[in-house]
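A.B. asks: Following this message is one structure expressed as structure tokens.
The values are calculated or read from the model by the stated rules, or taken from the named source; none is laboratory data. Not measured: the values here are computed from a predicted model. All Cβ positions, even for glycine, are placed from backbone atoms using ideal geometry, and neighbour counts span all protein chains on display.
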Amino acid sequence: MRVFITGATGYIGGSVAAKLLENGHEVLGLVRSEDKAAQLKRRGIEPLPGTLADFDTILQASKRCDAVINTASADETFPVDAILAGLAGSGKPFIHTSGTSVVSDRAAGEYGDAIFHEDSPFEPLPERMLRVAIDRTVLTAGRKGIRSVVIRPSLIYGCGRGLNPNSIQIPHLIELAKKHGIARHVGRGLNMWSHVHIDDVVDLYLRALDQAPAGSLFYAENGEAPWKTLASAIGRLLGFGGETKDWPIAEAVKEWGPGAITSYGSNSRVSALKARKMLGWDPKGPALLDDVEHGSYREALGRA
């Protein structure tokens, strides 16, 4: 199979690309810079020069490949429109990457008890309405001759297999702890997020590519934890001990912008029972707190 991936230089896309190559598939990766193109080529990925704004480039690549996986941006309509135009009526699979922040709240570090599955009704926060609208567009494309699938990963952790081995949220918290000399969390850190290891995310993508029916939506999670517990593990990783310190939401927004509200101060709790039942997905990656305190994050700290 020849698979076109947007975001092939990134954390999710690079990891998916590496596994596809390992399984004997061909990968075409959209890439902006000549340097990154050369790096992809050395890994066996055919680079396709372009950006997410290059409509015809993306459309034509989608037409000539057997499947498309979009991991570049969950909030860009332009590349999704190009992919859907290129795949219309083909019956080919298209996997679009979203995220569980679509069900996040404004808890500011307080506990929330809502847990969502794929059919749960919810009202997204204003800053996530475009993402939800894009998800719906992809899902309804299943009625237009495209085997379209949306995957919403929760907090992803672990060492990636591509050019960029790093996720976003945990490295940010590690740098925050280094800066302040103590692990911190937004508010009291009682808010909960589901989480999933990058290797298990990759496995879900490949299973969806092979098996998922048109119009399928899947959450991806293999456990959950309060942010305070995660921060405590980060503190021990850095040698600060398990003590943590509250980070007022106003300070968090000042330093990290409004995204601190939905990415670090919210609850985002989901169930991936559907992926387990429908696709036989069986996550086997190391547990979050073990990986932070004793696994890949400790290994990365030793290499730094």
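A.B. asks: Could you tell me which numbered condition C159 fails, if it satisfies all but one of (1) in contact with a Pro (Cβ under 9 Å, 6 or more places away or on another chain); (2) of a type outside the set (S, T, N, Q); (3) farther than 22 Å from T9 by Cβ?
C.D. replies: Condition not satisfied by C159: (3).
A.B. asks: Kindly list, by first and then second residue, each pair from a residue in region 34-54 that is closer than 18 Å to V3 by Cα to a residue that is aromatic (F, W, Y) and surrounded by 13 or more Cβ atoms within 10 Å (Cβ to Cβ), limited to pairs with Cβ atoms under 7 Å and residues at least 6 apart or on different chains.
C.D. replies: L52/F78
A.B. asks: Among the helices (runs of 4 or more DSSP H) lying completely within region 223-304, list those that include at least 3 residues that are over 18 Å from the mean Cα position of the chain (by Cα). Before you say what the answer is, go through the steps one by one.
C.D. replies: Values: elements: 227-237, 249-256, 259-263, 273-279, 288-294, 296-303.
In region 223-304, 227-237, 249-256, 273-279, 288-294, 296-303 are the helices (runs of 4 or more DSSP H) which contain 3 or more residues that are over 18 Å from the mean Cα position of the chain (by Cα).
A.B. asks: Six or more apart or on different chains, Cβ under 9 Å: which pairs go from a residue in region 238-252 that's free of Cβ contacts under 8 Å to residues at least 60 places away in the same chain to one that's not aliphatic (A, V, I, L, M)? Could you list them?
C.D. replies: Once the first residue is free of Cβ contacts under 8 Å to residues at least 60 places away in the same chain and sits in region 238-252, its partners that are not aliphatic (A, V, I, L, M) give G241/S232; G241/G235; G242/S232; G242/G235; G242/R236.
A.B. asks: Can you tell me which residues in region 10-56 are touching a Gly at 6+ places or on another chain (Cβ under 7 Å) and of a type in the set (V, I, T)?
C.D. replies: Across region 10-56, the qualifying residue is only I45.
A.B. asks: If a residue must be among the β-branched types (V, I, T), assigned to a strand (DSSP E or B) and closer than 21 Å to L238 by Cβ, how many such residues does region 170-204 contain?
C.D. replies: Of the residues in region 170-204, the ones among the β-branched types (V, I, T) are 170, 174, 182, 186, 196, 198, 201-202.
After this cut, where a residue has to be assigned to a strand (DSSP E or B) as well, the list is 186, 196.
Going one step further and asking which of them are closer than 21 Å to L238 by Cβ, we end up with 186.
Residues in region 170-204 being among the β-branched types (V, I, T), assigned to a strand (DSSP E or B) and closer than 21 Å to L238 by Cβ: 1 in total.
A.B. asks: Among the candidates V68, V27, which residue alone is more than 30 Å from M129 (Cβ to Cβ), at pLDDT 95 or above and buried (at least 21 other Cβ atoms within 10 Å of the Cβ)? Break it down into steps so the answer makes sense when it comes.
C.D. replies: Working: V68 fails: more than 30 Å from M129 (Cβ to Cβ).
Residue meeting the stated conditions: V27.
A.B. asks: Next up: From the list L288, L273, exactly one residue is surrounded by fewer than 16 Cβ atoms within 10 Å (Cβ to Cβ) and in contact with a His (Cβ under 8 Å, 6 or more places away or on another chain). Which is it? Working first, answer last.
C.D. replies: Values: L288 fails: surrounded by fewer than 16 Cβ atoms within 10 Å (Cβ to Cβ).
Within the list L288, L273, the selection yields L273.
A.B. asks: I need the full set of residues from region 30-45 which are crowded, with 16+ Cβ neighbours inside 10 Å and in contact with a helix residue (DSSP H, G or I) (Cβ under 9 Å, 6 or more places away or on another chain), in order please.
C.D. replies: Listed by number, the residues that qualify are L30, V31, L40, R43, I45.
A.B. asks: Of the conditions (1) farther than 29 Å from S62 by Cα; (2) at pLDDT below 95; (3) β-branched (V, I, T), I168 clears all except one; give me its number.
C.D. replies: (1)
A.B. asks: Here are some residues: R143, R128, R106. Which one is surrounded by fewer than 18 Cβ atoms within 10 Å (Cβ to Cβ), over 20 Å from T229 (Cα atoms), in contact (Cβ under 8 Å) with a residue 24 or more places away in the chain and of a type in the set (D, E, K, R)? Walk me through it before giving the result.
C.D. replies: Numbers: R128 fails: surrounded by fewer than 18 Cβ atoms within 10 Å (Cβ to Cβ); R106 fails: over 20 Å from T229 (Cα atoms).
From the options R143, R128, R106, the qualifying one is R143.
A.B. asks: Oh, and also: When region 247-261 is examined, which residues are found to be over 20 Å from L125 (Cα atoms) and touching a strand residue (DSSP E or B) at 6+ places or on another chain (Cβ under 6 Å)?
C.D. replies: Across region 247-261, the qualifying residue is only W247.
A.B. asks: Just checking, does region 162-169 include any residue being surrounded by fewer than 17 Cβ atoms within 10 Å (Cβ to Cβ), under 19 Å from K228 (Cα atoms) and under 15 Å from the mean Cα position of the chain (by Cα)?
C.D. replies: yes
A.B. asks: Can you tell me which residue among L209, L230, L217 is hydrophobic (A, V, I, L, M, F, W, C), buried (at least 16 other Cβ atoms within 10 Å of the Cβ), over 30 Å from V149 (Cα atoms) and touching a residue at least 12 places away in the same chain (Cβ under 8 Å)?
C.D. replies: L230
A.B. asks: Enumerate the strands (runs of 3 or more DSSP E) found wholly within region 1-89, keeping only those where 2 or more residues are within 20 Å of V149 (Cα to Cα) and under 20 Å from the mean Cα position of the chain (by Cα). Even if it seems obvious, please write down each step before you answer.
C.D. replies: Working: elements: 2-6, 26-31, 46-49, 67-70.
Once the strands (runs of 3 or more DSSP E) in region 1-89 are filtered for at least 2 residues that are within 20 Å of V149 (Cα to Cα) and under 20 Å from the mean Cα position of the chain (by Cα), what remains is 2-6, 26-31, 67-70.
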